[in-house]
Ligand SMILES: [Cu+2]
C-alpha cells in the first residue's frame, strides 16, 4: 500500500515538472477541476477526461462562442492539450454540456 502511494507521487511530480509549466484540468462528472487555471504565455493547458462520457472543449461562453480553440471529441481516459500564444482571459465550455464553464487566464 505504501509503495503504491509512493509510485503515484513520483509519477505525478514527474508530470508536473515536465515542460515549461502550464496547467492540467481534469474533466469530471459535470465539472472542470479546477474551473480556472492561470498560465504564462506560451504554456499549455492539458485537459484529462476522467468523466464517463465523451467531452469536447471549445472557447467562449455560450451564447458567445469564440474560435480561439476547440478540441476534438475527448474520449474517457484521453487527454488534449492546447498552447496559448496570446495573453488574456479565455472562457471555455463543454460542447456536450454547454452550461459547464471554465476559464484559462494567460499572463504576459
Ligand atoms: Cu460550443
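We did not get these values from a lab; they are worked out from the coordinates using the rules stated. In this text, all values refer to a predicted model and were calculated from it rather than measured experimentally. With ideal geometry, Cβ positions are generated from the backbone for all residues, glycine too; neighbour counts draw on all protein chains shown.
Things to note:
- Taking each residue of the stretch 55-73 that is within 19 Å of residue 30 (Cα to Cα) and in contact (Cβ under 8 Å) with a residue 40 or more places away in the chain and looking for partners that are near the ligand (Cβ under 8 Å from one of its atoms) and assigned to a loop (DSSP other than H, G, I, E, B) with beta-carbon atoms closer than 6 Å, six or more apart or interchain, yields 56/95.
- Set 66, 36: member being closer than 21 Å to residue 99 by Cβ and more than 16 Å from the ligand (Cβ to nearest atom): 36
- Residue list for the stretch 82-94, filter: without any contact (Cβ under 8 Å) to a residue 40 or more places away in the chain and either within 11 Å of the ligand (Cβ to nearest atom) or under 13 Å from residue 46 (Cα atoms) (or both): 82, 92, 93
- Listing of strands (runs of 3 or more DSSP E) fully contained in the stretch 42-108 that carry 1 or more residues being under 11 Å from the mean Cα position of the chain (by Cα): 44-49, 57-61, 79-83, 88-94, 101-107
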